[in-house]
C-alpha cells in the first residue's frame with residue numbers, strides 16, 4: 001500500500017537537498033537585502049552624527065539650509081536619545097522589510113526549482129514510470145494568461161461579497177485559491193504529464209486535485225508557511241501526478257485487452 005502523498009512528500013521535504021532548496025534562496029536574499037537596507041541606514045546615522053557634532057561639515061547645501069531654518073529639529077535629530085529611538089525603529093522596520101522582500105524573491109526563485117524537485121521525486125520513487133511530460137512555452141504562457149484572466153473575473157464578480165461580514169473571509173480567498181491551485185497544477189503537472197494527459201486528468205480527477213490543492217492552500221495561509229513550504233507543495237503534487245500518470249498507463253494497457261475480449265465474444 002502506498003504512503004499518503006502528504007506524508008511521503010514531507011519525508012522528502014526533510015531531506016538535505018530539499019531543505020537546501022527551501023532555505024538557501026530565502027537566507028541568501030535576506031543577507032543581500034539586509035546589507036542594502038542597513039547599509040543605507042548606516043549612511044543616514046552618519047549624517048545625523050555629523051549634525052550633532054559639526055553641521056558645517058556636511059557638504060550638502062540642502063541639509064545646511066534645513067539646519068539653519070530648523071535648528072531645534074536638527075538638534076533633536078542629532079541627540080543621543082533620538083539615535084537610540086531611531087535605531088530601534090529602523091531596526092524593526094528594516095528587518096521586516098528585508099524579510100518581506102527576501103520572501104517574495106525566494107518564493108519566485110523556488111518556482112524555477114520545480115523541474116529539479118520533480119526530477120528528484122521521479123528518481124526516488126517513480127523511476128519505473130516514464131517521465132515524458134512537457135508543455136511547450138507558447139501553450140504554457142497561453143494557459144497562464146487564461147488563468148490570470150479567470151482569476152481577475154472571479155475577483156471582480158465576488159467584489160460585492162467582500163463587504164458582507166464573515167462571508168467576505170471565504171469570498172476573498174476563492175479567487176486566490178483558484179490562482180494558487182491553477183498555477184501550482186500547471187507548473188507541476190506540466191513537468192509530469194503531456195498536455196493531453198494533463199487535460200484528461202483535470203477532467204476526470206478534478207475532485208482529487210481540488211482536495212489536495214485546498215489543503216495546501218489552507219496551509220499556505222499560516223504565517224510563514226507559504227514562504228517556507230513551497231518545495232513541500234511541489235512535492236505533494238508531484239507525487240499525486242506521478243500516481244495519476246501510473247493509473248493512466250495502467251488504463252491504457254488494459255484498454256486493448258478489454259476491446260479484444262469484447263470482439264472475440
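The values are calculated or read from the model by the stated rules, or taken from the named source; none is laboratory data. This one's a predicted model, so the numbers in the text were calculated from it and none came from an experiment. Every residue, glycine among them, receives a Cβ derived from its backbone with ideal geometry; neighbour counts consider all protein chains shown.
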(message) Anything in region 3-22 that is farther than 19 Å from residue 216 by Cα and out of contact with any helix residue (DSSP H, G or I) (no Cβ under 7 Å at 6 or more places or on another chain)? List them, or say none.
(response) 15, 16, 20
(request) Test each condition in (1) farther than 19 Å from residue 126 by Cβ; (2) surrounded by 12 or more Cβ atoms within 10 Å (Cβ to Cβ) for residue 190 and report the one that comes out false. (result) (1)
(message) When you scan region 135-150, do you find a residue that is at positive phi and out of contact with any helix residue (DSSP H, G or I) (no Cβ under 9 Å at 6 or more places or on another chain), even just one?
(response) no
(request) For region 185-213, name all the residues that are touching a residue at least 60 places away in the same chain (Cβ under 8 Å) and either more than 18 Å from the chain's Cα centre (by Cα) or under 18 Å from residue 250 (Cβ atoms) (or both). (result) 192, 193, 194, 195, 197, 198
(message) Out of the residues in region 214-249 meeting the condition of being under 12 Å from the mean Cα position of the chain (by Cα) and exposed (fewer than 15 other Cβ atoms within 10 Å of the Cβ), tell me which one is nearest to residue 204 (Cα to Cα).
(response) 221
(request) Being part of a helix (DSSP H, G or I), closer than 18 Å to residue 241 by Cα and out of contact with any strand residue (DSSP E or B) (no Cβ under 8 Å at 6 or more places or on another chain) is the filter here, so list the residues in region 167-194 that pass it. (result) 180, 181, 182, 183, 184, 185, 186, 187, 188, 189, 192
(message) For region 108-144, which positions are loosely packed, with under 13 Cβ neighbours inside 10 Å and at pLDDT below 65?
(response) 108
(message) Go through (1) at pLDDT below 70; (2) out of contact with any helix residue (DSSP H, G or I) (no Cβ under 6 Å at 6 or more places or on another chain); (3) under 24 Å from residue 182 (Cα atoms) for residue 105 and report which single condition fails.
(response) (2)
(message) If residue 209 satisfies all but one of (1) part of a loop (DSSP other than H, G, I, E, B); (2) surrounded by 15 or more Cβ atoms within 10 Å (Cβ to Cβ), what's the number of the condition it fails?
(response) (1)
(message) What's the total number of residues in region 129-153 that are part of a loop (DSSP other than H, G, I, E, B) and over 18 Å from residue 237 (Cα atoms)?
(response) 1
